[in-house]
Amino acid sequence: MIIKENIVFYAKLLDKKGLVNPLEGNISVYDRDNNKLYITPSGTRKSLLTEKDIAVLQNGKQIEGGLKHSSEYLLHEAALKARPDCNAVVHTHAPYLTAFAYCNKDIKLRCSSTFALLFEDIPCLPYGQPGTKDIANGIEEAIKEHDLILLGNHGCLTIAPTLEKAIAILEAGEEVMKIYTLANSIGIIKDISDDEWEKMCNEHPGSKRNRYKNIF
Ligand SMILES: [Zn+2]
């Protein structure tokens with residue numbers, strides 16, 4: 001089963017890279033044709049996961065998997081509903097991104113070409129209680145034009161057509177924020193000029209503006 005195999009592979013990768021801990025972080029893939037949501041179980045060390053541990057939900061009910069599904073499935077469902085172009089969601093407490101979520105801060109860097117092309121900005125949703133539908137408050141609007149968002153006082157979430165892409169977005173976002181934090185300790189960060197910023201965002205074929213043109 002390729003979906004379960006993929007989830008196990010990437011869950012282990014996130015664990016190896018220090019982007020999840022045993023009690024937090026979850027991955028889902030939505031099989032839209034069969035209305036099945038595959039999601040990692042709650043409270044399990046990701047490096048120990050096997051395919052039989054992956055929970056499968058249909059209409060909110062678990063129909064497969066030896067362990068209980070993650071309690072954050074409502075968050076995943078809300079994101080996937082708002083983005084019919086996407087089938088994979090990754091929610092983690094990646095440290096550098098989550099530090100901004102603790103400050104309830106939208107991220108608007110102007111110093112990084114990676115940030116310009118991938119994100120332009122990363123919005124932070126207000127706090128919502130984990131494990132309840134409140135955690136998804138505001139997600140519908142924010143996720144429509146953002147592949148990476150912060151969850152206030154909690155963590156972050158990425159969405160993409162494939163799990164590989166969702167993981168890559170998380171890795172890129174976390175790395176940019178790590179470098180930004182390091183740069184802050186070295187000296188005064190120099191921003192890209194407004195003219196150059198606009199030029200890059202408008203003209204680069206891989207920019208967010210050009211990618212989204214093709215989606216909506
Ligand atoms: Zn969480």
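The values are calculated or read from the model by the stated rules, or taken from the named source; none is laboratory data. Quantities reported herein were computed from a predicted structural model and do not represent experimental measurements. Cβ placement follows ideal geometry from the backbone for every residue including glycine, while neighbour counts extend to all protein chains displayed.
Of the residues making up the range 1-36, those that are touching a Ser or Thr at 6+ places or on another chain (Cβ under 6 Å) and either within 13 Å of the ligand (Cβ to nearest atom) or over 23 Å from GLU174 (Cα atoms) (or both) number 5. Taken over the range 108-161, the criterion of being surrounded by fewer than 17 Cβ atoms within 10 Å (Cβ to Cβ) and within 13 Å of VAL89 (Cα to Cα) is satisfied by PRO161 alone. With respect to (1) in contact with a His (Cβ under 8 Å, 6 or more places away or on another chain); (2) under 15 Å from THR114 (Cα atoms), the lone exception for TYR180 is condition (1). The set of residues from the range 77-97 being under 30 Å from LYS52 (Cα atoms), in contact with a helix residue (DSSP H, G or I) (Cβ under 9 Å, 6 or more places away or on another chain) and not aliphatic (A, V, I, L, M) comprises GLU77, LYS81, ARG83, ASP85, CYS86, ASN87, HIS91, THR92, HIS93, PRO95. Touching a residue at least 24 places away in the same chain (Cβ under 8 Å), more than 16 Å from the ligand (Cβ to nearest atom) and over 16 Å from VAL89 (Cα atoms): is that true of ILE179 in this structure? Criteria met by ILE179.
Please enumerate the residues belonging to the range 42-78 that are assigned to a loop (DSSP other than H, G, I, E, B), surrounded by fewer than 19 Cβ atoms within 10 Å (Cβ to Cβ) and at pLDDT 95 or above. Full working, then the answer.
Of the residues in the range 42-78, the ones assigned to a loop (DSSP other than H, G, I, E, B) are 42-45, 49-50, 54, 59-60, 65-68, 70-72.
Next, only the ones that are surrounded by fewer than 19 Cβ atoms within 10 Å (Cβ to Cβ) stay: 42-45, 50, 59-60, 66-68, 71.
Hit for the range 42-78 is THR50, nothing else.
Would you kindly identify the helices (runs of 4 or more DSSP H) lying entirely within the range 94-203 that contain at least 1 residues that are at pLDDT 95 or above, within 17 Å of GLY25 (Cβ to Cβ) and among the charged types (D, E, K, R)? Step through it out loud before you land on a result.
On the way: elements: 95-102, 113-118, 139-144, 163-186, 194-203.
By residue number, 163-186.
Restricting GLU203, GLU164 to those that are more than 16 Å from the ligand (Cβ to nearest atom) and either more than 13 Å from the chain's Cα centre (by Cα) or among the hydroxyl-bearing types (Ser, Thr, Tyr) (or both) reduces the list to GLU203. Can you tell me which residue in the range 79-93 is nearest to the ligand (Cβ to nearest atom), limited to those that are surrounded by 20 or more Cβ atoms within 10 Å (Cβ to Cβ) and not in a loop (DSSP other than H, G, I, E, B)? Only one residue tops the list, namely HIS91. With respect to (1) touching a strand residue (DSSP E or B) at 6+ places or on another chain (Cβ under 9 Å); (2) free of Cβ contacts under 8 Å to residues at least 60 places away in the same chain, the lone exception for ILE167 is condition (2).
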